[in-house]
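> Have a look at this one.
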Amino acid sequence: VQLQASGGGLVQAGGSLRLSCAASGGAFSSYTMGWFRQSPGKEREFVAAISWSGGTTYYADSVKGRFTISTDNASNTVYLQMNSLKPEDTAVYYCAADSRGLYTVVAGPVAFWGQGTLVTVSS
C-alpha cells in the first residue's frame with residue numbers, strides 16, 4: 001500500500017485548505033482511511049477517519065464541525081477539507097490506512113502511512 005499526501009501550505013487563520021491522499025496498491029473498499037497530525041514538540045494525534053465502504057466517519061473533538069473527511073472511489077483519493085483554520089491547526093498532516101476497521105485507525109497502531117504534508121496557519 002502506498003499513500004501520497006499533498007495540498008499543504010500557508011494559510012491565514014479563518015481560511016481553508018483541502019488535503020489529498022492518493023492511495024494505491026490495495027483493495028481499498030475494505031479499508032479505513034485516516035488523517036493524523038503532528039505539531040512541533042508534540043506527539044502525533046488522530047484527526048479524522050472514514051470507512052471506505054460505508055462512509056462512516058469519526059473526528060477528533062478539536063476539529064469536529066470544521067474539518068470534513070471524504071473519499072473519491074474513482075480515483076482512490078481521500079480528502080480532508082479544513083475550514084475555519086486556527087493557528088493551533090499548524091502541523092504536519094499524515095494520511096494513513098488500515099484494513100482492520102475504524103477503531104484500529106482511531107486507537108492505533110495503524111498499518112500504513114504516507115509521507116506528511118505541512119500545514120501552517122498564520123494568525
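The values are calculated or read from the model by the stated rules, or taken from the named source; none is laboratory data. Please read these numbers as outputs of a predicted model, since none were measured by experiment. Note that we place each Cβ from the backbone using ideal geometry, even for glycine, and neighbour counts take in every protein chain shown. All accessible areas refer to the heavy atoms of the entire protein, side chains included, with ligands and DNA or RNA removed. Shrake-Rupley method; radii C 1.70, N 1.55, O 1.52, S 1.80 Å.
> Of all residues being closer than 20 Å to ALA97 by Cα and among the hydroxyl-bearing types (Ser, Thr, Tyr) in the range 49-68, which is least open to solvent (accessible area, probe 1.4 Å)? Just the residue, please. It would help to see each step written out before you state the result.
Looking only at the range 49-68, we keep the residues that are closer than 20 Å to ALA97 by Cα, and these are 49-60, 63, 67-68.
If we keep only those that are among the hydroxyl-bearing types (Ser, Thr, Tyr) too, we end up with 51, 53, 56-59, 68.
Values: SER51: 21, SER53: 98, THR56: 76, THR57: 57, TYR58: 112, TYR59: 38, THR68: 71 Å².
Top of the filtered list is SER51.
> Hey, another quick one. Out of the residues in the range 60-77 that are part of a strand (DSSP E or B) and over 10 Å from the mean Cα position of the chain (by Cα), which is farthest from THR120 (Cα to Cα)?
Within the range 60-77, the first condition is being part of a strand (DSSP E or B), and the residues that meet it are 67-72, 77.
From what is left, the residues that are over 10 Å from the mean Cα position of the chain (by Cα) are 71-72, 77.
Values: THR71: 24, ASP72: 26, THR77: 22 Å.
So the residue we want is ASP72.
> Scan the range 101-123 residue by residue and report those that are aliphatic (A, V, I, L, M) and in a helix (DSSP H, G or I).
Answer for the range 101-123, where residues must be aliphatic (A, V, I, L, M) and in a helix (DSSP H, G or I): LEU102, VAL105, VAL106, ALA107.
> Look through PHE36, PHE46 and report the one residue that is touching a Phe, Trp or Tyr at 6+ places or on another chain (Cβ under 9 Å), more than 13 Å from GLY114 (Cβ to Cβ) and either open to solvent by 50 Å² or more (accessible area, probe 1.4 Å) or not in a loop (DSSP other than H, G, I, E, B) (or both).
Just a single option satisfies the conditions, and that option is PHE46.
> Please go through the range 114-123 and give me each residue that is buried (at least 17 other Cβ atoms within 10 Å of the Cβ) and of a type outside the set (Gly, Ala, Ser), ordered by number. Don't jump to the end; show me each part of the working.
Within the range 114-123, the first condition is being buried (at least 17 other Cβ atoms within 10 Å of the Cβ), and the residues that meet it are 114, 116-117, 119, 121.
Hits for the range 114-123 are THR117, VAL119, VAL121.
> Now for a different question. Criterion first (surrounded by 14 or more Cβ atoms within 10 Å (Cβ to Cβ) and either modelled with pLDDT under 95 or outside any strand (DSSP E or B) (or both)) does LEU80 satisfy it?
Values: surrounded by 14 or more Cβ atoms within 10 Å (Cβ to Cβ): yes; either modelled with pLDDT under 95 or outside any strand (DSSP E or B) (or both): no.
Spelling it out, it is not the case that LEU80 is surrounded by 14 or more Cβ atoms within 10 Å (Cβ to Cβ) and either modelled with pLDDT under 95 or outside any strand (DSSP E or B) (or both).
> Of everything in the range 1-15, what is open to solvent by 60 Å² or more (accessible area, probe 1.4 Å) and either touching a Lys or Arg at 6+ places or on another chain (Cβ under 9 Å) or closer than 19 Å to MET82 by Cβ (or both)? Give them in sequence order.
Restricting attention to the range 1-15, the residues satisfying the condition of being open to solvent by 60 Å² or more (accessible area, probe 1.4 Å) are 2, 4, 10, 12.
Residues satisfying the conditions are GLN4, LEU10, GLN12.
> SER20: open to solvent by 20 Å² or more (accessible area, probe 1.4 Å), touching a residue at least 40 places away in the same chain (Cβ under 8 Å) and assigned to a strand (DSSP E or B), yes or no? Talk me through it step by step, then tell me what you get.
Values: open to solvent by 20 Å² or more (accessible area, probe 1.4 Å): yes; touching a residue at least 40 places away in the same chain (Cβ under 8 Å): yes; assigned to a strand (DSSP E or B): yes.
The answer is yes for SER20.
> Consider the range 83-113. How many of its residues are of a type in the set (D, E, K, R), open to solvent by 60 Å² or more (accessible area, probe 1.4 Å) and closer than 10 Å to THR32 by Cα? Break it down into steps so the answer makes sense when it comes.
Filtering the range 83-113 for residues of a type in the set (D, E, K, R) gives 86, 88-89, 98, 100.
From the residues that got through so far, the ones that are open to solvent by 60 Å² or more (accessible area, probe 1.4 Å) too are 86, 88, 100.
Retained after the next criterion (residues that are closer than 10 Å to THR32 by Cα): 100.
Looking only at that region, the number is 1.
> A further question follows. With the checklist (1) out of contact with any helix residue (DSSP H, G or I) (no Cβ under 9 Å at 6 or more places or on another chain); (2) part of a strand (DSSP E or B) in hand, flag the one item ALA96 doesn't pass.
(1)
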